[in-house]
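Taken together, the values in this text are just the output of simple stated rules run on the coordinates, not laboratory data. Remember, it's a predicted structure, so these values are computed and weren't measured experimentally. Because the Cβ atoms are built from the backbone with ideal geometry, glycine has one as well, and the counts that use them run over all protein chains shown.
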Amino acid sequence: MCTGTTPRTSFGRTEGGQSLFSPSSVLQRHVRGVVRGATPVPRTQWPAQIARMTVSPRRVAIVGAGAIGLSIAWRLLQRGARVTVYDRGPLGRGASWASAGLLAATAGHGGPAGTPLDALCRRALGRWDAFARELTDAAGIDVVPRSEGTLVVALDAAEAERLGTAYEAWRAAGDDAQRWLARDVVARLEPALAGTVVAARLCPNDRQVDARRLVAALAEAVRRAGGAVREHTEVDVERVDADVVVLAAGAWSGSVPGAPSIPIAPLKGQMVALRPTPGVTPLRHVVFTRDVYLVPRPGRLLVGATSEARGFDTTVTAGSVRLLLDGARRAVPTLDDAPLDDAWAGVRPMTLDGAPLLGRLTERIVVATGHGRNGILLTPVTAEAITALVLDGALPSWALGFGMERFG
């Protein structure tokens, strides 16, 4: 758990303005504080990522019934494994339920341009449309993402300079789809945005999906494929009847009974939902500003999200709601009159470097957690990678480097 001395952060940045995904950020200190004193699993107890199993396991227990755990279960079932998914709470009520469902590989949620996390996020984005169509057919629930893209806007000259630097970095990393938009173009695309907008970068390939609907579809696909989902059931990793156990319980993965210690920490996030104001032009694109992101949905607008080192607390607080509303009103002044529809909080699973933890902990225990803000985005590739590891004995080459060994 985090201590009272852990610095609080908001909107994915530290108090000094650094990104939470920077190696020197407060996130590392937070994660180290959470896991300090834990006994790490010796290297001899978790084989190298590419070590192959001699027998393909058939019985798999997955701990965690969010998007990650359920997607892994569905892919394993498609390949003939017998799978049971366990969750100590109700179905999908962790980080997946709290998520805005952003598939924003380059707008602000992926890794820095040109990094392994960036490559993984962009690979995932490229998988999403086909994954969604297949899941929609399998479950009978439409989860095809919205595809308007994302606008990352600058509301003053200083923000425009930072935005321009980011734009050049993405272009240098091979993202030729992004476009730099002048003020007048932004105003035509999104007339509800503030007149102070200086410029924007358009990320046309980004998507968004309803994360709660995604969880429902995955659960239905698992059941139709013959899998079992057991809610409100806590299991002991050492005692559960399975050949392989997959830890996919988000920030709680390290506290599952019998599980090895994992360098993971909870990072709280709060969001609000507003109802549209009559007569006001709604947003079409997902919009990122320095302070918030705005996600248009049928009948409401999501505003997110804080980043707070508050352990597993999911209390909605007046101060954080105020910060979110202030950021939204700065971007879209007409939101002053928008009715407040809902507010909620969730807990993201974070690692020291902001990248997911994928691989083997012991011969029998596999981990798939630490996705941070990118859990929904990384769902297709995580399921693909872990299924290969469990049934074929090795991670795909593109998934290597996200295991425990990177933490020494």
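Counting each pair of different Cα atoms once, what's the Kirkwood radius of segment 150-204 in Å, rounded to one decimal?
11.2
Could you bin all the Cα-Cα distances of the chain into 10 Å bins starting at 0 and give me the percent of pairs in each, rounded to whole numbers?
5, 23, 33, 25, 11, 3, 0
Can you give me the convex hull volume of the Cα atoms of segment 339-408, divided per residue and expressed in Å³? Mind dumping the intermediate values first?
Numbers: hull volume 8.3 nm³, N = 70.
It comes to 119 Å³ per residue, whole-number rounded.
With a cut-off of 8 Å between alpha carbons and a minimum separation of six or more residues, what is the relative contact order of the chain in percent?
On the way: 913 pairs, mean separation 108.6, N = 408.
This gives 27 percent for the chain.
Roughly how big is segment 291-408's charge dipole about its Cα centre, with Cβ charges of +1 (Lys, Arg) and -1 (Asp, Glu), in debye to the nearest 20?
Values: 11 positive and 13 negative charges, 9 e Å.
Dipole magnitude for segment 291-408 comes out near 40 debye.
Computed over the Cα atoms of segment 292-408, what is the convex hull's projected area averaged over all directions, in nm²? Don't jump to the answer; show the numbers that get you there.
Values: hull surface 39.2 nm².
Average of the hull's projected areas for segment 292-408 equals 9.8 nm².
What residues have an amide H closer than 5 Å to that of Y86, excluding those fewer than 5 places away on the same chain, when H is modeled at 1.01 Å from N in the peptide plane?
I62, V63, G64, R230
Of Q208, Q78, Q178, which has the largest mean-square fluctuation in a 10 Å C-alpha GNM of the chain?
Result for the chain, Cα springs under 10 Å: Q78 fluctuates most.
Taking a quarter of the surface of the convex hull around the Cα atoms of segment 53-160, what do you get in nm²? Before the final figure, lay out the partial values.
Working: hull surface 40.1 nm².
Value for segment 53-160: 10.0 nm².
Per residue of segment 223-235, what does 6.51 cos²θ - 1.76 cosθ + 1.60 with θ = phi - 60° give for ³J(HN,Hα)? Whole Hz please, x for Gly and Pro, Karplus curve as stated.
Each residue of segment 223-235 in turn: 5, 5, 7, x, x, 10, 10, 10, 7, 6, 10, 8, 10 Hz.
Applying the Karplus parametrisation 6.51 cos²θ - 1.76 cosθ + 1.60 with θ = phi - 60° to the phi angles of segment 287-302, what ³J(HN,Hα) value in whole Hz is obtained for each residue in order, glycine and proline being reported as x?
10, 9, 10, 4, 9, 9, 10, 10, 10, x, 9, x, x, 6, 10, 8
How many percent of DSSP beta bridges within the chain run antiparallel, rounded to 5? All intermediate terms of the calculation are to be shown ahead of the outcome.
Details: 40 of 58 bridges.
In the chain, DSSP labels about 70 percent of beta bridges as antiparallel.
Which ordering of Y86, Y293 is given by a fewest-first count of other beta-carbon atoms within 10 Å? Present the calculation step by step, with values, prior to reporting the outcome.
Details: Y86 23, Y293 27.
Ordered from fewest to most neighbouring Cβ atoms within 10 Å, Y86, Y293 come out as Y86, Y293.
For segment 155-262, what does the relative contact order come out to in percent, with C-alpha contacts under 8 Å and a separation of six or more? Mind dumping the intermediate values first?
On the way: 73 pairs, mean separation 21.4, N = 108.
Here the relative contact order equals 20 percent.
Sorting E308, E231, E168 on the 10 Å Cβ count, fewest up front, what's the list? Walk me through the numbers on the way to the answer.
On the way: E308 24, E231 15, E168 12.
Least crowded to most crowded, the residues run E168, E231, E308.
Stick to Cα atoms and the Kirkwood definition of Rh, then tell me Rg/Rh for segment 182-252. Before the final figure, lay out the partial values.
Values: Rg = 22.3 Å, Rh = 17.3 Å.
Value, to two decimals: 1.29.
Output needed: percent of Cα pairs per 5 Å distance bin for segment 189-347, bins running from 0 to the one holding the longest distance.
Percent of pairs per bin, in order: 1, 7, 13, 15, 15, 14, 11, 9, 7, 4, 2, 1, 0.
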